[in-house]
Amino acid sequence: PTLHTSGGTKRAVLVGDYLLARSLELASKANSETLVKVMTQGMTRLCVSEINQDFTQGNLFVSQKDYFERIRGKTAELFALCCFAGAHMGGAEEEICDEFYQAGLDFGLAFQIDDDVLDYRGDGKKMGKSAGGDLRVGIPTLPLILALEDNNPYLSSLCRSRFRAFFTRKIRKLVMDGGYDKEAMNVAVKYKKSSIDRLGKIGFSEKETLISLINFLENRET
């Protein structure tokens, strides 16, 4: 069970704060000004993105630009930081570290888009949460954004309704019937390919392991 379900949201947040502080402490001990700078900048982006999502929750009519800025900060930045930190602590040159950072960023974007698609067509029992959760609470994701860009008046009216939560299943069906979940998945595949291409240019011992992890996204069900 996740901590917030077994111990409550307050405890989960406090433990998260502790882990963040601990990670920054460990980074400072690495005696690397670059690593601390990259980590703190990344954490700032993460917080800003989460705040932005919270303040705009309920507005389903957002641009792709706003969507990608949000998922870069709240998800992809963490992937990028992990890849950068590993390369940096392993003694890689600056250019290689930057390439790992970009590969992690692309990986994270692909992961989040894939997760957003699962919210439309995933199996609730396998995922451990009901499908349509983001839509129900008013968080717009790429499949819906793509669908709304086609200006379907019926879909738009459902999304603007004050009773939108009651139409979650209908909205999901309209999105999937229009193939927008597949269109979003194609975007995720492009980011995944970009990540693998970047890693393919770098010589390191665990390359195949990392690439196989990225490829796992294609058949992810949870």
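Given N residues in the stretch 142-182, what is Rg(Cα) / (2.2 N^0.38 Å)?
So the Cα radius of gyration is 1.04 times the expected 2.2 N^0.38 Å.
Using +1 on the beta carbon of Lys and Arg, -1 on that of Asp and Glu, and nothing else charged, what's the dipole of the stretch 93-198 about the Cα centre, debye to 20?
1180
Can you give the Rg/Rh ratio of the stretch 11-136, where Rg is from the C-alpha atoms and Rh is the Kirkwood radius?
1.02
Kirkwood Rh over alpha-carbon pairs of the stretch 111-192, then Stokes-Einstein at 10 °C and 1.306 mPa s: what D in µm² s⁻¹, rounded to an integer?
Estimated diffusion coefficient is 125 µm²/s.
Looking at the P(r) of the stretch 167-222, how many percent of alpha-carbon pairs lie beyond 18 Å?
Result: 50 percent of Cα pairs exceed 18 Å.
As I understand it, the dipole of the stretch 1-105 uses +1 on the Cβ of Lys and Arg and -1 on the Cβ of Asp and Glu, about the Cα centre. Which of Ala30, Gly86, Gln57 lies farthest toward its positive end?
Gln57
What's the longest uninterrupted piece of the chain once you rule out the trypsin sites (Lys or Arg not before Pro) that are loop residues per DSSP with at most 11 other Cβ within 10 Å?
Between the exposed loop sites, the longest stretch runs 1-161.
Would you mind working out the magnitude of the charge dipole of the chain relative to its Cα centre, with +1 at each Lys and Arg C-beta and -1 at each Asp and Glu C-beta, to the nearest 20 Debye?
For the chain, the charge dipole is close to 1080 debye.
What translational diffusion coefficient, to the nearest whole µm²/s, does the stretch 67-118 have by Stokes-Einstein, given a Kirkwood radius computed over alpha-carbon pairs, a temperature of 10 °C and 1.306 mPa s viscosity?
In µm²/s, the coefficient rounds to 145.
Taking Cα atoms of the stretch 83-222, Rg/Rh with Kirkwood Rh, to two decimals?
1.09
Accessible area per residue of the chain at 1.4 Å probe, in Å²? Numbers along the way, then the final one.
Working: 12900 Å² over 222 residues.
Heavy-atom SASA per residue in the chain reads 58 Å².
Measure off, as a whole percent, the carbon and sulfur share of the 1.4 Å-probe accessible area of the chain, all protein chains present.
55
The values are calculated or read from the model by the stated rules, or taken from the named source; none is laboratory data. Model, not experiment: these values are computed from the prediction. Quick reminder, even Gly has a Cβ in these numbers, built from the backbone with ideal geometry, and neighbours come from all protein chains shown. Keep in mind that these areas ignore ligands, DNA and RNA; they rest on the heavy atoms of the full protein, side chains included. Shrake-Rupley method; radii C 1.70, N 1.55, O 1.52, S 1.80 Å.
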